[in-house]
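The values are calculated or read from the model by the stated rules, or taken from the named source; none is laboratory data. Worth saying up front: this structure is predicted, and the values here are computed from it rather than measured. No Cβ is skipped: glycine too gets one built from the backbone with ideal geometry, and neighbour counts run over all protein chains shown.
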Ligand SMILES: Nc1ncnc2c1ncn2[C@@H]1O[C@H](COP(=O)(O)OP(=O)(O)OP(=O)(O)O)[C@@H](O)[C@H]1O
Ligand SMILES: [Mg+2]
């Protein structure tokens, strides 16, 4: 079986498992497991966003927690004003997820546009440091902004609504997260296969060659970075709704690191890498987190093993390397 | 002149105290191969960098079909009609030969902000790329990754990518480097035909190839052009003999 077929089979398997396990939990009345699967799905959405920048474009953003946090605060602030019946910047609050998601994506996209425009002229360690610096600015801004809870964060008393679903029920919330994840994966696969993806992946490998072919690396990378931030911002809004809480911790640099770890564990640039990686991370947290406080140490060792012996992450290990043939 | 496709006016570029390009002016006319020769470190690749836009000149201008392109980026110059190959093969290593050429066709069309249609279902792109690969003799190697092509095949793929740009002129930096006798012979024949597509500014160390191919030759020494002329004129030029080739019999 060639590696492309293998990868599709593996992807179908992962997608199936991520649906079957919470389905079983729903039937067996185990809401904790459903919520765990929802968390995996939402983390995976965030990582799908980062996978555009990091996986396709080779832009190692160490600040994607910024977009996660932005999305989270959009959801939190909208719900806060809806709950209290007050206005923000002349607009009423809302407890509807769809407009919240739209706003989260637009805002994240705009901020990613600014960050990208200022950082994409650099590369390597400088790029990593600049993206980190912007995320830290967001973190400290949220920390020192008392109107929305400051360091205490902002609770979402009633989970925001989605037409036709009862989002307060774990199973409904899972279905929503799962559907959005599938849509994001579809978008990722689509743009990767299209001319845009061909250009973005080429620029990662050889920007000088791309430029000599008339493809401007800066413009393509900037658009990739903006799309990347938008999807991670969407995940942030959903994450805040899942935990019904948003705080500056969502923008901490460790969160940016976790998103990178997810992608490396799952497989950089691979379609289902973020899903596999998120499942591994959450799985580790749950199983080893219960046994030892030092579960992150063990995770670090696994990460080291992946970097040294399985560069393609779990997907690469099981499905072989990518082929851009034809 | 109307027949000048490419014109360089007084280009200079220094690296610190080193004048790598020193007041260079030259033209490339429709239908010709203009060879640029000179000893190692003479500044040939630097000049190529100034023309392609990789390097900014300290002084001077670059004109393409009467348009000043000196301020354009590398990508904008490529879209304006410069098709270059690199001295050290510069390909997209993980892409197959076919996809490398498809990327060039995509760059030529200027349609890289398309998010929906898969390139591998774009028959125009695929058949266009296949035709170009066939023309340089890489047809059977279309699905091989660039990283595992042989050195000679990589040189040909460089040319195929330049060809895919349907440029107004070609800038080829030592396309024969490391090709061996047989490969060089084939490439000489190929370049002879290629100049009908567009004129070629050719950097080359292989003197036999240069004298067979070039309609005009410019000799670059320490960043300066010391002579320009036909093969016969260059052969006969005493300054060239003395400064560049040293020994008389090597011409
Ligand atoms: N980026 C740079 N920074 C500093 N010096 C440079 C740079 N690029 C080239 N040089 C110097 O400029 C001079 C011209 O180099 P260039 O590569 O243009 O020569 P060349 O004629 O192409 O040589 P070769 O035949 O070996 O390819 C050399 O002395 C080189 O060391
Ligand atoms: Mg050179």
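Checked against the criterion of being buried (at least 24 other Cβ atoms within 10 Å of the Cβ) and within 14 Å of another protein chain (Cβ to nearest Cβ), the range A:231-239 has at least one qualifying residue.
Selection of the range B:98-118 for residues being assigned to a helix (DSSP H, G or I) and either at the interface with chain A (Cβ under 7 Å from one of its Cβ atoms) or touching a strand residue (DSSP E or B) at 6+ places or on another chain (Cβ under 7 Å) (or both) yields B:98, B:99, B:103, B:104, B:106, B:107, B:108. Filtered by the rule that a residue be within 15 Å of ligand 1 (Cβ to nearest atom), within 19 Å of the chain's Cα centre (by Cα) and surrounded by fewer than 17 Cβ atoms within 10 Å (Cβ to Cβ), the range B:43-67 gives a lone residue, B:56. Tell me yes or no: at least one residue of the range B:43-61 is more than 30 Å from residue A:220 (Cα to Cα) and within 16 Å of ligand 2 (Cβ to nearest atom). Yes; the residues of the range B:43-61 include at least one that is more than 30 Å from residue A:220 (Cα to Cα) and within 16 Å of ligand 2 (Cβ to nearest atom). Being modelled with pLDDT under 95 and away from ligand 1 (no atom under 12 Å from the Cβ) is true of residue B:115.
All of A:93, A:76, A:57 fail the test of being crowded, with 24+ Cβ neighbours inside 10 Å and touching a strand residue (DSSP E or B) at 6+ places or on another chain (Cβ under 8 Å), apart from A:76. Scanning the range A:185-193 turns up at least one residue that is without any contact (Cβ under 8 Å) to a residue 40 or more places away in the chain, out of contact with any strand residue (DSSP E or B) (no Cβ under 7 Å at 6 or more places or on another chain), part of a helix (DSSP H, G or I) and surrounded by fewer than 20 Cβ atoms within 10 Å (Cβ to Cβ).
Hey, can you tell me all the residues within the range B:23-42 that are within 16 Å of ligand 2 (Cβ to nearest atom) and surrounded by fewer than 21 Cβ atoms within 10 Å (Cβ to Cβ)? Answer for the range B:23-42, where residues must be within 16 Å of ligand 2 (Cβ to nearest atom) and surrounded by fewer than 21 Cβ atoms within 10 Å (Cβ to Cβ): B:39, B:40, B:41. No other residue among A:93, A:124, A:149, A:153 is farther than 27 Å from residue A:223 by Cβ and without any contact (Cβ under 8 Å) to a residue 40 or more places away in the chain apart from A:93. Within the range B:79-97, is there a residue that is assigned to a helix (DSSP H, G or I), crowded, with 24+ Cβ neighbours inside 10 Å and more than 8 Å from chain A (Cβ to nearest Cβ)? Checked against the condition, which is being assigned to a helix (DSSP H, G or I), crowded, with 24+ Cβ neighbours inside 10 Å and more than 8 Å from chain A (Cβ to nearest Cβ), the range B:79-97 yields at least one hit.
Pairs meeting the criteria (first residue in the range A:202-226 and at positive phi and at the interface with chain B (Cβ under 7 Å from one of its Cβ atoms), second residue part of a helix (DSSP H, G or I) and surrounded by fewer than 23 Cβ atoms within 10 Å (Cβ to Cβ), beta carbons under 6 Å, at least 6 apart or on different chains) are A:214/B:79. Among the residues here, residue B:76 does not qualify as facing another protein chain (nearest Cβ under 8 Å) and crowded, with 23+ Cβ neighbours inside 10 Å.
All of (1) over 30 Å from residue A:146 (Cα atoms); (2) surrounded by fewer than 24 Cβ atoms within 10 Å (Cβ to Cβ) hold for residue A:226 with one exception: (1). In contact with a strand residue (DSSP E or B) (Cβ under 9 Å, 6 or more places away or on another chain) and away from ligand 1 (no atom under 16 Å from the Cβ), is that true of residue B:75? Judged against the criteria, residue B:75 is not a match.
Within the range A:1-58, the set of residues being outside any helix (DSSP H, G or I) and closer than 28 Å to residue A:218 by Cα comprises A:57, A:58.
Taking the range B:6-38 as the range and being within 7 Å of ligand 1 (Cβ to nearest atom) and either within 14 Å of another protein chain (Cβ to nearest Cβ) or touching a helix residue (DSSP H, G or I) at 6+ places or on another chain (Cβ under 6 Å) (or both) as the test, the residues that pass are B:20, B:38.
For the range B:119-138, the criterion of being in a loop (DSSP other than H, G, I, E, B), within 7 Å of chain A (Cβ to nearest Cβ) and in contact with a strand residue (DSSP E or B) (Cβ under 9 Å, 6 or more places away or on another chain) is satisfied by no residue at all. Would you confirm whether or not the range B:72-91 contains a residue that is modelled with pLDDT of 95 or more and farther than 19 Å from residue B:170 by Cα? Within the range B:72-91 (the criterion being modelled with pLDDT of 95 or more and farther than 19 Å from residue B:170 by Cα), the answer is no, since none of the residues qualifies.
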